[in-house]
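Worksheet: the structure to be examined is printed underneath.
What follows is calculated from the coordinates using simple rules that are stated; it is not laboratory data. Worth saying up front: this structure is predicted, and the values here are computed from it rather than measured. FYI the Cβ positions are ideal-geometry reconstructions off the backbone, even for glycines, and counts take in every protein chain you see.
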């Protein structure tokens, strides 16, 4: 019950922020989402997509505002990991609802998949918000971090925005199926990569 009340309050906050601040609202909310503050993109972007369907927003500025916001927030988290370290995060993370288990999950994922995890993680629940921290601790190449983070964010935000656009006033239903949606997006990305690599091999031969 408490969780539902928190989600309801958070949803209302997001709606009010975007309604009052437009694209800047989308940008700053997505900065917060990627800077370790638990504001779900599964609410921000579908609601923005719904506003596209009403004519209040245009789709390209919405996707750019969300993706640039993700990048800025991720750079903040990256800098925290790089300059303040793991100990700082563990000590103060509780104030933004960051649990030790969240960080350990992101760390194990980054250790397993390396730099490319900053791209793939943008399509995964739980890890999406936190992987920038171990990337910063590991001092990942900044250009690669920026490129992978931005590309992954564009894919994720485009998909969420289009879903909000198609669902219209039923945009909130995306939250019920967000985990299934994560899996679907990952599958689409993997298929796209496989197709690209096969075409590249054919053209190189």
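Among 44-50, 9-15, sorting by the average number of other beta carbon atoms lying within 10 angstrom of each residue, highest first, gives 44-50, 9-15. When each of the peptides 81-91, 157-167 is scored by how many other beta carbons lie within 10 Å of its residues on average, the order from highest to lowest is 157-167, 81-91.
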